[in-house]
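Worksheet: the structure to be examined is printed underneath.
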Amino acid sequence: MKLLLTGAGGLLGSAVSALAQQHGDQCHAMARPALDTPVAALAAQLRGADLLLHAAANTNVEQCEREPDACYRDNFLLSELLARAAAQAQVPLLLVSSTGLYGTADSAPYREYAATVPTTHHHRSKLLAEQAVLAAAPGNLVLRTGWLFGGAASLPKNFVARRIDEARKALAQGDSMAANTEQHGVPCWNVDIAGRMLALARSGASGVYNCVNSGTATRYEYVQAVLQLAGIALPLQPGQAAGFQRIAQVSPNEMADNWKMRMQGWPEMPHWRASLERYLQSELADY
Ligand SMILES: NC(=O)c1ccc[n+]([C@@H]2O[C@H](COP(=O)([O-])OP(=O)(O)OC[C@H]3O[C@@H](n4cnc5c(N)ncnc54)[C@H](OP(=O)(O)O)[C@@H]3O)[C@@H](O)[C@H]2O)c1
């Protein structure tokens, strides 16, 4: 396949790019277009591709709360422009979205038929992006994922590596470390998500899918698993959301269930803990 990819330098985009090349696909990084680019000019750039994978986003949820105009520009308006251009070029578009947009209605993992009631500007901007993409062409695909981990330890946003740093520092200074017991989600390995994204796209899937690893965790359970698998013997203190002073009122339930994939006979995704172990034993082995 000939793929065009936005956000190719990001956590997910870098895994998509690497996997696509392993599969023998051509995968070209697409530079971020200016919002005043004429749709026809952008469509001309897209023509001839088999798929546009839109993984670029403003992922700083706290900053989105402080600067909503920039958030909706980066996430909603850019997606809308790409969707219009892709429709004109007759290229299907895959948008990466977020399980955080379901909101607070339930305490169980959300299925795709649940209502979406986003609680932050970031998640509302992702929902508006989804609506623009789905309205532009019936064959477009939206994948909702969350709590991504993976990539090089040097990436500043590498959640796993930063928790290892934090734990080592706490051990050295005789401090304690805490994690939130109230925030629920599904840790997702960028490699697993990238692989399933490409498989779904190849199958011609369309509409909205949750796309997460199997299992669920609190942040506390997740960080505890990181420390255990990294062999760091630091007792982790249970913390509550109020102690982490976030501006964005992210739903305490970002869990999702790959219900639609299961209904359609797709194999289960690997359990997040098994993937975390594989990640620590591979890319982070020397860290
Ligand atoms: N990370 C998570 O836990 C998580 C959770 C749920 C959903 N997602 C979704 O998964 C997708 C990938 O996330 P990620 O974690 O890989 O993100 P990331 O590591 O923050 O990378 C985002 C990428 O998007 C690019 N970008 C940002 N703003 C842009 C704009 N206005 N125009 C074009 N490119 C722009 C960035 O380019 P520069 O480096 O040049 O800025 C970067 O390459 C996103 O759609 C995100 O919403 C992520």
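Regarding region 236-254, can at least one residue be identified that is modelled with pLDDT of 95 or more and either β-branched (Val, Ile, Thr) or in a helix (DSSP H, G or I) (or both)?
No, every residue in region 236-254 fails to be modelled with pLDDT of 95 or more and either β-branched (Val, Ile, Thr) or in a helix (DSSP H, G or I) (or both).
Find the residue count for region 36-77, including only residues that are touching a residue at least 12 places away in the same chain (Cβ under 8 Å) and more than 18 Å from Leu11 (Cβ to Cβ).
Selection size over region 36-77: 23.
State all residues of region 138-157 that are surrounded by fewer than 22 Cβ atoms within 10 Å (Cβ to Cβ) and either more than 10 Å from the ligand (Cβ to nearest atom) or without any contact (Cβ under 8 Å) to a residue 40 or more places away in the chain (or both); if no residue qualifies, say none.
Passing the criteria: Pro138, Gly139, Ala152, Ala153, Ser154, Pro156.
What residue, of Thr99, Thr119, is within 15 Å of the ligand (Cβ to nearest atom), in the same structural domain as Gly204 (by TED's automatic domain parsing) and surrounded by fewer than 20 Cβ atoms within 10 Å (Cβ to Cβ)? Working first, answer last.
Working: Thr99 fails: surrounded by fewer than 20 Cβ atoms within 10 Å (Cβ to Cβ).
The unique qualifying residue is Thr119.
So in region 37-83, with the set limited to residues that are of a type in the set (Ser, Thr, Tyr) and buried (at least 18 other Cβ atoms within 10 Å of the Cβ), which one is nearest to the ligand (Cβ to nearest atom)?
From region 37-83, those of a type in the set (Ser, Thr, Tyr) are 37, 59, 72, 79; that's our starting set.
Filter once more, keeping what is buried (at least 18 other Cβ atoms within 10 Å of the Cβ): 59, 72, 79.
Values: Thr59: 4, Tyr72: 11, Ser79: 9 Å.
So the residue we want is Thr59.
Would you point out which residue out of Ala205, Ala201, Ala170, Ala178 is assigned to a strand (DSSP E or B) and more than 14 Å from the ligand (Cβ to nearest atom)?
Numbers: Ala205 fails: assigned to a strand (DSSP E or B); Ala201 fails: assigned to a strand (DSSP E or B); Ala170 fails: assigned to a strand (DSSP E or B).
On inspection, the qualifying residue turns out to be Ala178.
Let's see how each residue does on (1) over 30 Å from Val226 (Cα atoms); (2) of a type outside the set (Gly, Ala, Ser); (3) part of a helix (DSSP H, G or I):
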site	(1), (2), (3)
Ser107	no, no, no
Glu112	no, yes, no
Leu128	yes, yes, yes
Ile164	no, yes, yes
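If you check Arg111 against the conditions, is it away from the ligand (no atom under 16 Å from the Cβ) and touching a Lys or Arg at 6+ places or on another chain (Cβ under 8 Å)? Walk me through how you get there before you give the answer.
Working: away from the ligand (no atom under 16 Å from the Cβ): yes; touching a Lys or Arg at 6+ places or on another chain (Cβ under 8 Å): yes.
Answer is yes for this residue.
Of the residues that sit in region 267-285 and are touching a residue at least 60 places away in the same chain (Cβ under 8 Å) and in a loop (DSSP other than H, G, I, E, B), which one is surrounded by the most Cβ atoms within 10 Å (Cβ to Cβ)?
Filtering region 267-285 for residues that are touching a residue at least 60 places away in the same chain (Cβ under 8 Å) and in a loop (DSSP other than H, G, I, E, B), the one surrounded by the most Cβ atoms within 10 Å (Cβ to Cβ) comes out as Met269.
The values are calculated or read from the model by the stated rules, or taken from the named source; none is laboratory data. Since the structure is predicted, the reported quantities are computational estimates derived from the model, not experimental observations. Because the Cβ atoms are built from the backbone with ideal geometry, glycine has one as well, and the counts that use them run over all protein chains shown.
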